[in-house]
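Encoded as structure tokens, the structure appears first; notes follow it.
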Amino acid sequence: MQKKICWRITRRCNLSCIFCLASENQYLDRELNTRQVLLILDFLKNCGINKVTFSGGEPLLREDFRTILSACYRKGIDTTITTNGILLNEAWHETLSHGNIVTKVSIHGTKSIHDSQVRANIYDLVLDNLKSLSRSGSKVAVNCVLSRLNSESIKVFLEEISDVALDHILFQYLIYRGRAKNLHSIDLLKDEKEKLEDDLFYWIEKIGYKFNIKFNDYAKENIPYLILESDGTLVIANDYTSKDIKVGPCSEKNLIKAINSVYNLDNFSVFQSQYNHMNGDLFHQ
Ligand code: SF4
């Protein structure tokens with residue numbers, strides 16, 4: 001069974017997207033040093049985590065990110081990196097070519113639509129970097145946040161990237177957290193999401209595109225998942241309820257408790273009520 005954790009390895013970022021989940025004061029967050037990160041990777045491996053998704057912030061801004069990825073590779077941990085693609089130059093090709101790494105580049109539509117959402121003129125650079133990484137033999141994917149801003153033109157965007165050998169495209173919807181807290185007006189309604197998904201599946205099959213598409217509506221399902229914050233705090237998150245449980249520092253003991261509760265959902269309600277009762281360590285974002 002794949003047991004995974006999402007690690008917000010840094011809160012630093014070189015963009016300022018309109019829907020970013022990271023808080024506005026992200027640059028103030030404490031960040032783990034290399035030694036602490038490698039120690040936590042040992043804990044993750046020992047506790048049975050076999051997949052880590054690195055996000056942020058922008059993970060490639062960490063000066064030691066190559067060291068971190070190499071350690072994951074040596075430990076046999078599958079790795080996905082979610083990156084905005086700006087720094088994804090040739091210097092990264094070799095590191096990202098390991099078979100167990102998927103590099104997922106965030107592109108949110110055609111040039112003007114993407115650039116207006118990330119508030120920077122970077123579409124051409126990011127697309128070039130994605131294509132070049134794909135040609136180098138790395139496993140690449142695209143991450144796209146769907147909303148009213150891009151739903152009408154999403155097929156044009158897919159045509160633009162149709163020549164890239166993508167592992168998959170992940171479509172996500174808005175999560176009302178961080179900077180997206182008040183973006184309800186640009187979110188799609190439930191019916192619209194379903195119609196769009198059906199339409200895209202049908203269209204992609206008809207056109208004959210090779211890549212897989214996946215849709216994730218995190219706020220739709222009441223499923224807790226594990227997050228590791230940039231300062232090493234372990235959190236059980238739930239986008240459906242928007243109520244997260246701050247478990248504490250990422251020690252082996254806390255990891256085992258959190259993994260048991262997330263991967264054995266029968267335990268989760270007991271765990272949740274224990275935490276509520278014991279220390280009120282439940283926080284709302
Ligand atoms: S969404 Fe990602 S790329 Fe955009 S500001 Fe947030 S961390 Fe940076």
On a full-extension model of 0.36 nm per residue, what is the gain between E159 and N33, subtracting their alpha-carbon distance, rounded to one decimal in nm? 41.2 nm
Provide the per-residue ³J(HN,Hα) series for the range 96-105, in order, calculated from phi with Karplus coefficients 6.51, -1.76, 1.60 and θ = phi - 60°, each as a whole number of Hz, with x at glycine and proline positions. 8, 8, 4, x, 9, 10, 10, 9, 9, 9
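Given 0.36 nm per residue, what is the gain on full extension from R179 to N121 after removing their alpha carbon distance, in nm?
Working: separation 58, 0.36 × 58 = 20.88 nm, distance 1.99 nm.
Between R179 and N121, full extension yields 18.9 nm more.
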Only Lys, Arg (+1) and Asp, Glu (-1) charged, at Cβ; the chain dipole about Cα centre in debye: 620 debye
Hits in the range 137-167: amide N under 17 Å from the 7 Å Cα→Cβ extension of I207, namely 141-147, 150-167
Where does each of 179-185, 231-237 land if you order them by average Cβ count within 10 Å, highest first? 231-237, 179-185
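Using alpha-carbon pairs under 8 Å, 6+ residues apart, how would you state the relative contact order of the range 60-137 in percent? Mind dumping the intermediate values first?
On the way: 74 pairs, mean separation 25.0, N = 78.
The normalised contact order for the range 60-137 reaches 32 percent.
Looking at the P(r) of the chain, how many percent of alpha-carbon pairs lie beyond 27 Å?
Working: 16823 of 40470 pairs.
That tail contains 42 percent of the Cα-Cα pairs.
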Please state the relative contact order of the chain as a whole percent: Cα pairs under 8 Å, 6+ residues apart? 19 percent
Extension length gain for K253 and K190 (0.36 nm per residue less Cα distance), in nm, is 18.7 nm
Projected onto the charge dipole of the range 4-274 (+1 at Lys/Arg Cβ, -1 at Asp/Glu Cβ, origin at the Cα centre), which of I204, F215, A91 gives the Cα projection farthest towards the positive end? A91
Per-residue HN-Hα couplings for the range 235-251, Karplus 6.51 cos²θ - 1.76 cosθ + 1.60 at θ = phi - 60°, whole Hz, x for Gly and Pro? 10, 9, 9, 8, 6, 6, 8, 6, 10, 10, 9, 7, 6, x, x, 7, 8
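Any read-out appearing in this document is the output of simple, stated calculations on the displayed coordinates, not a laboratory observation. Only a predicted model underlies this, so the values are computations on that prediction, with no experimental measurement involved. In this analysis, Cβ positions are derived from the backbone assuming ideal geometry, glycine residues included, and neighbour counts consider all displayed protein chains.
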